[in-house]
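What follows is a set of notes on a single structure, which appears directly below.
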Amino acid sequence: MRPSIKRLIIAFSAVILVIAPLTMDAQIPVKREQNGGKKKKKGNGNNQGDKTTPTEPKVTVGTLSFGYATWNGGIRNGKPDGKGKLTFSETHAVDRHSNVQANPGDYFEANYDNGSLISGKLYDQNGNLLKTIIP
């Protein structure tokens, strides 16, 4: 063989040796999961997997004091929830979104959803209906 062809073959072999390992990785078979490719859920040993849905706090019945009034009724997350009665001890707005004022002794029979007013009726201390509020 002529020396120039021999050098060309050596150079070509060196290129193949450099490139071959790069292309060989593409030919390695991919390990498949035995369970159809689905990932197993990590559980606590009872084979039910992790629960991702948080549980809602339960509604309890009790009393909340706000300083200006006292709530007797449903409570969730420390806020009025469900039906109850708000009895005022000071002059104050019936609801943060309302301009209706209640006086001491007035009461508000209302329905709340986690602190948000759904509807209610304001009565004076003698039980006379003063205002129906539906925001």
Practice item. Mind counting the residues in segment 108-121 that are in contact with a Leu (Cβ under 9 Å, 6 or more places away or on another chain) and surrounded by fewer than 20 Cβ atoms within 10 Å (Cβ to Cβ)? Key: 3
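Just to check your reading of the model, which residue among Glu56, Glu33 is modelled with pLDDT of 70 or more, loosely packed, with under 10 Cβ neighbours inside 10 Å and not hydroxyl-bearing (Ser, Thr, Tyr)?
When all the criteria are applied, what remains is Glu56.
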**Study point:** Residues of segment 74-104 classified as among the small types (Gly, Ala, Ser) and farther than 18 Å from Ile133 by Cα, total
**Key:** 3
Exercise for review: Give me the pairs, please: first residue somewhere in segment 58-79 and of a type in the set (Phe, Trp, Tyr), second residue anywhere and part of a strand (DSSP E or B) and exposed (fewer than 15 other Cβ atoms within 10 Å of the Cβ), beta-carbon distance under 7 Å, and either six or more positions apart or on two chains.
Suggested key: Trp71/Thr63
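The values are calculated or read from the model by the stated rules, or taken from the named source; none is laboratory data. For clarity, every value in this text was computed on a predicted model and none was experimentally measured. All Cβ positions, even for glycine, are placed from backbone atoms using ideal geometry, and neighbour counts span all protein chains on display.
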